[in-house]
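J.: Quick one: structure below, then a few questions.
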Amino acid sequence: MTQEIATDIAIVGAGPVGLTLAMDLQSRGARVTLVETRHYAEPPNVKCNHVAARTMERFRRLGVAGKLRDAGLPADYPNDVAFATSVCGQELTRIPIPGRAERYTAQGGPDTWWPTPEPPHRINQLYLEPILLEHTATLPGVTLLNRMQALELVQDADGVTLSARHLDTGEPVRIRARYAVGCDGGSSMVRKGIGAKLEGTAVIQRVQSTYIRAPQLRAMLPGKPAWSWYAVNPRRCGTVFAIDGKSTWLVHNHLNPNEPEFDSVDRDWSIRQILGVDADFAYEVISKEDWVGRRLVATRFRDRRVFIAGDAAHLWVPYAGYGMNAGIADALNLSWLLGAQLQGWGDAAMLDAYEAERQPITEQVSRFAMDHAQKMIQARRAVPPDIEEDSAHGAQLRAEVGREAYALNVQQFCCAGLNFGYFYSGSPIVAADAEEPPAYSMGSFTPSTVPGCRAPHFWLADGRSLYDAFGQGYTLLRFDTGVDLTALQQAAAARGMPLAVLDLAGVQPPEGYRHALVLCREDQHVAWRSNAAPVDPQALVARLCGAAR
């Protein structure tokens, strides 16, 4: 007999993107069903070592930021990125990044000035995902279906029917949902089901990756530990991540263009060259995590009531930590829009904003990542053969390579632009004005309230973050209490659109705030601004709800 389940949103895939989407939808009153092939609490792959500031900001709202901040590397373990001839070799340069004990208080570093209530957090998915899973599993209205394989999606005018089967018993399950979202990775069944294809560059970089246990390595380090090492020597170039800060490490061996297969070069030899250890050094291979860096973006992110997010929608070299984090940004954008539908105040056309907003950003970020990957490949090819030489010449080479490595990589490990600079241009639910959003790069941005940009952060007089004061739906920042908002509030109430007013008279806001009124979405993007109340408040509300015609 087929088990029947009714829900608001069916999510295929319970990795970090699917779990975050479920948590956020539940906070909006949605009933959510997650379909996942793995056993409950089955460990994920060893990947995704970085949670971006924008992601942590939302985890703060969802009540899990503190738990995440307390997990991962030891509190006193440096989060620096070191560049060296090998992990145990001569250091070339170092990008200083505070460990979690000093993350909120450190000053003077390349990312300690960031305008955010939640700085980024270095934590591997091994520790991140169980916290998200445990939290999600406790939420009322969320159903987790583990060991369940999604087989087919069928849409009609009123909803989606998802057919699945239990992998252990073969029991068929039919899930009836109002909407469905594929967070099911690069081989996404949901993406194929809506007829979308991945297009772009299929292979940028092959990486022979090995998760190892080597408890004696930390004692062999010649200097201060680091979260990550970039090893460059004439024999091999690779990256090493500290996973638990004690005994487990992830070693990426970057394969050269003339090494087309993962076994083209001896794994053990390469690991030893990257670590800078001899044949007597003992380590245990826990797992092989080989991967291919790509730049692929789906041709569409939606078909009517079915959406895709995360790796199902885009794959690229995870420079700047923007693989998982871009997927979570997809999920949060979509959750806000779906929530408006389920709560009854969003027009059906409001959902058009998801693809209109996220697909162009995906293209931009993927090209940033690809361009950086190409520069890194060129740098690895240019390693001087005598960089390890114990001489004045060798020291000069190491200093030069160190300066170049710092300049190239500080922008990806302290990527303020990717966190705070991107904007939604051409969105159907953003009321654009005559000013263009400022350009941004991977590492830099200009704070702005141009509609579509992220509302610049500042702290309120009562000590709260600006974002802590945002309500669901829209929040209007009023810097001049003399502006009468009665007509706008009445128009919002007539539509059922949530509109909170935050009076900020006398507050000295940061750079970018130049208008008396700045209307912000819950996802922190500016939707409208003006020095006066809107001339046609009904028309503005209609646009904000996706009903502009």
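J.: In Å, what Kirkwood hydrodynamic radius results for segment 46-85 from the alpha-carbon pair distances?
T.: It is 12.0 Å.
J.: A further question on this structure: What are the ³J(HN,Hα) values, in whole Hz, obtained from phi via the Karplus relation 6.51 cos²θ - 1.76 cosθ + 1.60 with θ = phi - 60°, for each residue of segment 231-244 in sequence order, with x given for Gly and Pro?
T.: With coefficients 6.51, -1.76 and 1.60, one gets 9, 10, 8, x, 8, 8, 10, x, 10, 10, 10, 6, 8, 10 Hz.
J.: Please report the net charge: other residues with Cβ closer than 14 Å to the Cβ of GLY66, K and R +1, D and E -1.
T.: +2
J.: Also, I was wondering about something else. Under 1.5 on a/c is rounded, so check that first for the chain, then, if it is not, pick prolate when a/b is larger than b/c and oblate when it is not; a ≥ b ≥ c are the square roots of the alpha carbon gyration tensor eigenvalues.
T.: In terms of gyration-tensor shape, oblate.
J.: Can you tell me, using C-alpha contacts under 8 Å and at least 6 residues apart, the relative contact order of segment 427-538 as a whole percent?
T.: 32
J.: List the residues whose amide H sits under 5 Å from the amide H of ILE11, counting only those 5 or more places along or on another chain, with H placed 1.01 Å from N in the peptide plane.
T.: Close amide H contacts, sequence-distant or interchain: THR33, LEU34, VAL35, VAL181.
J.: Related question: Leaving out ligands and nucleic acids, and using a 1.4 Å probe, what accessible area per residue does the chain come to in Å²?
T.: 39
J.: Of VAL181, ASN333, ALA395, whose Cα points farthest to the positive end of the dipole of the chain (charges on the beta-carbon: +1 Lys, Arg; -1 Asp, Glu; origin at the Cα centre)?
T.: Going by the charge dipole, the pick is VAL181.
J.: Restricting to DSSP H runs of at least four residues, report the calculated mean residue ellipticity at 222 nm for the chain, -39500 (n - 2.57) per run over all residues, nearest 500 deg cm²/dmol.
T.: After summing the helix terms and dividing by the residues of the chain, the value is -8500 deg cm²/dmol.
J.: What is the mean projected area of the alpha carbon convex hull for segment 1-137, to one decimal in square nanometres?
T.: Convex hull of Cα atoms, orientation-averaged projection: 10.6 nm².
J.: Return the long-range amide H neighbours of ILE123 (sequence gap of 5 or more, or a different chain), with a cut-off of under 5 Å between placed amide H atoms.
T.: For ILE123, whose amide H was placed from the backbone, the distant partners under 5 Å are HIS50, VAL51.
J.: Right, here's the next one. So what is log10(I(q)/I(0)) for segment 178-326 at q = 0.18, 0.19, 0.20 1/Å, when the Debye sum runs over its Cα atoms only?
T.: -1.03, -1.10, -1.16
J.: Then there is this: Charges only on Cβ, +1 for Lys and Arg, -1 for Asp and Glu: so what's the dipole of the chain about the Cα centre, in debye to the nearest 20?
T.: Charge dipole, the chain, about its Cα centre: 500 debye, nearest 20.
J.: Report the calculated FRET efficiency for THR2 and ALA71 (r = Cβ-Cβ distance, R0 = 45 Å), to the nearest 0.05.
T.: 0.70
J.: Once the convex hull of the alpha carbons of segment 351-397 is built, what does its volume come to per residue, in cubic angstrom?
T.: Dividing the Cα hull volume of segment 351-397 by its residues yields 70 Å³.
J.: Let me ask something else. Give me the base-10 log of I(q)/I(0) for segment 345-473 at each q in 0.10, 0.21 Å⁻¹, Debye formula, one uniform scatterer per Cα, rounded to two decimals.
T.: One equal scatterer on each Cα of segment 345-473 leads to -0.53, -1.26.
J.: Another one. Just want the answer: with Cβ charges of +1 for Lys and Arg and -1 for Asp and Glu, which residue in GLY29, ALA312, ILE97 is farthest toward the dipole's positive end in the chain?
T.: The residue sitting most towards the positive pole is GLY29.
J.: If you don't mind, there's one more thing I want to ask. How much length is gained if the chain between ALA101 and ASP386 is pulled fully straight, taking 0.36 nm per residue apart and subtracting their Cα-Cα distance, in nm to one decimal?
T.: 98.7 nm
J.: For segment 263-396, what are the per-bin percents of Cα-Cα distances with bins 5 Å wide, up to the bin holding the maximum?
T.: Cα pair-distance distribution for segment 263-396, in percent: 2, 8, 13, 13, 12, 12, 10, 8, 7, 5, 4, 3, 2, 1, 0.
J.: A follow-up question, please. Over segment 296-363, with every protein chain in place, what whole percent of the accessible area is carbon and sulfur at 1.4 Å, could you tell me?
T.: Carbon-and-sulfur percentage of accessible area, whole number: 48.
J.: For ARG31, what charge total do you get from the other residues with a beta carbon under 15 Å from its beta carbon, if Lys and Arg give +1 and Asp and Glu give -1?
T.: Net of charged neighbours comes to 0.
J.: Compute, for segment 346-458, the length of the dipole vector about the Cα centre, with Cβ point charges of +1 (Lys, Arg) and -1 (Asp, Glu) only. Units Debye, rounded to 20.
T.: 200
J.: I need to check one value: relative contact order of segment 82-152, counting alpha carbon pairs closer than 8 Å and at least 6 residues apart, in percent.
T.: It rounds to 15 percent for segment 82-152.
J.: Find out how many positive minus negative residues lie around ARG100, taking Lys and Arg as positive, Asp and Glu as negative, among other residues whose Cβ is under 9 Å from that of ARG100.
T.: Counting the neighbours of ARG100, the net charge comes to 0.
J.: Relative contact order (percent) for the chain, with alpha-carbon contacts under 8 angstrom and 6 or more residues of separation?
T.: 15
J.: Helix 125-137 sits at what angle to the longest principal axis of the chain, using alpha carbons and giving 0 to 90 degrees rounded to 10?
T.: Between helix and principal axis, roughly 30 degrees.
J.: Kirkwood hydrodynamic radius for segment 414-549: how many Å is it when counted over pairs of different Cα atoms?
T.: Computed over segment 414-549, the radius equals 15.2 Å.
J.: Accessible area of TYR40, 1.4 Å probe, to the nearest 10 Å²?
T.: Here the accessible area works out near 120 Å².
J.: FRET efficiency for THR138 and GLU400, Cβ-Cβ distance as r, R0 = 41 Å, nearest 0.05?
T.: Using R0 = 41 Å, I get an efficiency of 0.15.
J.: If you take every DSSP beta bridge fully contained in the chain, what fraction is antiparallel? Give it as a percent rounded to 5.
T.: 70
J.: Can you send over the carbon and sulfur percentage of the accessible area for segment 415-549, probe radius 1.4 Å, protein chains only?
T.: The computed percentage sits at 50.
J.: How high is the FRET efficiency between ALA539 and ALA500 when r is their beta carbon distance and R₀ equals 25 Å, given to the nearest 0.05?
T.: 0.75
J.: Along Cα→Cβ, 7 Å out, is where each label goes; now give me the distance between the ones at ALA487 and SER27 in nm to one decimal.
T.: With each label placed 7 Å out from Cα toward Cβ, I get 3.4 nm.
J.: Quick check: pseudo-label points 7 Å beyond the Cα along Cα→Cβ at GLN343 and THR446, how many nm apart are they?
T.: In this crude label model, GLN343 to THR446 measures out at 3.3 nm.
J.: What accessible area, in Å² to the nearest ten, does a 1.4 Å probe give for HIS525?
T.: 0
J.: Direction-averaged shadow area of the convex hull around the Cα atoms of segment 78-188, nm²?
T.: Approximately 12.7 nm², given one-decimal rounding.
J.: Turning to a different aspect of this structure: Please state the shape class of segment 124-167: rounded when a/c is under 1.5, otherwise prolate if a/b exceeds b/c and oblate if not, all from the C-alpha gyration tensor.
T.: It comes out prolate by the Cα gyration axes.
The values are calculated or read from the model by the stated rules, or taken from the named source; none is laboratory data. Fair warning: this is a prediction, and the values are worked out from it, not measured in the lab. We place every Cβ from the backbone using ideal geometry, glycine too, and count neighbours over all the protein chains shown. In case anyone asks, the SASA skips ligands and DNA or RNA and just uses the protein heavy atoms, side chains included. Shrake-Rupley method; radii C 1.70, N 1.55, O 1.52, S 1.80 Å.
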